[in-house]
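The values are calculated or read from the model by the stated rules, or taken from the named source; none is laboratory data. On a predicted model such as this, the values are computed, not experimentally measured, just so you know. Note: ideal-geometry Cβ built from the backbone for every residue, glycine included; neighbour counts use all protein chains shown. Please note that ligands, DNA and RNA were not included when accessible areas were found on the heavy atoms of the full protein model with its side chains. Shrake-Rupley method; radii C 1.70, N 1.55, O 1.52, S 1.80 Å.
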Amino acid sequence: MIGKLKGIVDETGLDWALIDVNGVCYLTSCSATTLRQIGGPGDATVLHIETYVREDQLRLFGFSTEAEREWFRLLLSVQRVGAKAALAILSVLDPQSLARAIAFKDAKAIATAQGVGPKVGERIISELKDKVPASLAMAGKEPVPGKEVGEVPAHSAEADAISALVNLGYAQAQAAQAVSRAVAKAGDDVPGAEQLIRVGLKELAS
């Protein structure tokens, strides 16, 4: 199984890239988001690969970040969402924007993808809303200390939420402040990481 390609961009198309790895060119299907990131012919690049194997087919899907690959996997887990639709969604919504759309239940934002209607957008929100925290914490799961807002206990809900937001692409200071505000809004309640991430995303978007 191929997990990552490090090479030179040989050629690109509307939804694919040809990556030259030591003289061997690999054809990878890519979202528009990834194609913008990897540059053009002659540029060095690294792609995180999802290998799709069927009896009569082997396809490589390439992503510029692990976050995008994780979202691709999650989208494929949704009923009636195939690879084409998943790439279309990731072409109009980067991982951060997709997480926001799900957190805010914004089916219209998801439906802006070519070939994806409002009903599919609603189904994606319904099936993935409880999986968002796991997807955001896909990279290092070490807690991120919130130095700007005080010490955050290791392995706490706050630390997990900050780490998830950082992995989503926010700066540590931004994530720590957003989670701090989310904790303050919770009052006497004891919020879990999922709630803190959702409220934190809303704070960051405001």
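Looking across Leu47, Leu18, one residue alone is at negative phi and open to solvent by less than 20 Å² (accessible area, probe 1.4 Å). It is Leu47. Regarding Pro41, is this residue loosely packed, with under 14 Cβ neighbours inside 10 Å, at pLDDT 90 or above, touching a helix residue (DSSP H, G or I) at 6+ places or on another chain (Cβ under 7 Å) and not polar (S, T, N, Q)? Spelling it out, it is not the case that Pro41 is loosely packed, with under 14 Cβ neighbours inside 10 Å, at pLDDT 90 or above, touching a helix residue (DSSP H, G or I) at 6+ places or on another chain (Cβ under 7 Å) and not polar (S, T, N, Q).
The residue pairs whose first member lies in the range 16-31 and is within 18 Å of Val92 (Cα to Cα) and touching a residue at least 24 places away in the same chain (Cβ under 8 Å), whose second member is among the hydroxyl-bearing types (Ser, Thr, Tyr) and surrounded by fewer than 17 Cβ atoms within 10 Å (Cβ to Cβ), and whose beta carbons are closer than 9 Å, counting only pairs six or more residues apart or on different chains, are Ser29/Tyr52.
Residues in the range 84-126 that are out of contact with any Asp or Glu (no Cβ under 9 Å at 6 or more places or on another chain) and in a loop (DSSP other than H, G, I, E, B): 9 in all. Applying a threshold of 8 Å to beta carbon distances and a minimum spacing of six or more residues, or different chains, the list of pairs starting in the range 1-14 at a residue that is over 9 Å from Val46 (Cα atoms) and ending at one that is open to solvent by 90 Å² or more (accessible area, probe 1.4 Å) and assigned to a loop (DSSP other than H, G, I, E, B) reads Val9/Pro41; Asp10/Pro41; Glu11/Pro41; Thr12/Pro41. The one condition from (1) modelled with pLDDT under 95; (2) of a type in the set (A, V, I, L, M, F, W, C); (3) closer than 20 Å to Gln114 by Cβ that Val53 does not meet is (3).
Look at the range 103-124: where a residue is closer than 19 Å to Lys202 by Cα and touching a residue at least 24 places away in the same chain (Cβ under 8 Å) and a partner is open to solvent by 30 Å² or more (accessible area, probe 1.4 Å) and part of a loop (DSSP other than H, G, I, E, B), sitting 6+ places away or on another chain with Cβ atoms under 9 Å, you get Ala103/Lys129; Lys105/Lys129. Considering Leu90, Leu98, the condition of being under 12 Å from the mean Cα position of the chain (by Cα) and in contact (Cβ under 8 Å) with a residue 40 or more places away in the chain is satisfied by Leu90 alone. Scanning the range 173-204 for residues that are of a type outside the set (A, V, I, L, M), closer than 14 Å to Asp160 by Cα and in contact (Cβ under 8 Å) with a residue 60 or more places away in the chain returns Glu194, Arg198. Of Val81, Val53, all but one fail to be farther than 16 Å from Ala17 by Cα, out of contact with any Lys or Arg (no Cβ under 7 Å at 6 or more places or on another chain) and part of a strand (DSSP E or B); the exception is Val53. One residue alone among Gly13, Gly62, Gly3 is more than 19 Å from Ala85 (Cβ to Cβ), under 23 Å from the mean Cα position of the chain (by Cα) and open to solvent by less than 70 Å² (accessible area, probe 1.4 Å), and that residue is Gly3.
Restrict the check to the range 65-86 and report whether at least one residue is open to solvent by less than 30 Å² (accessible area, probe 1.4 Å) and more than 29 Å from Ala161 (Cβ to Cβ). The answer is yes, given that some residue of the range 65-86 is open to solvent by less than 30 Å² (accessible area, probe 1.4 Å) and more than 29 Å from Ala161 (Cβ to Cβ).
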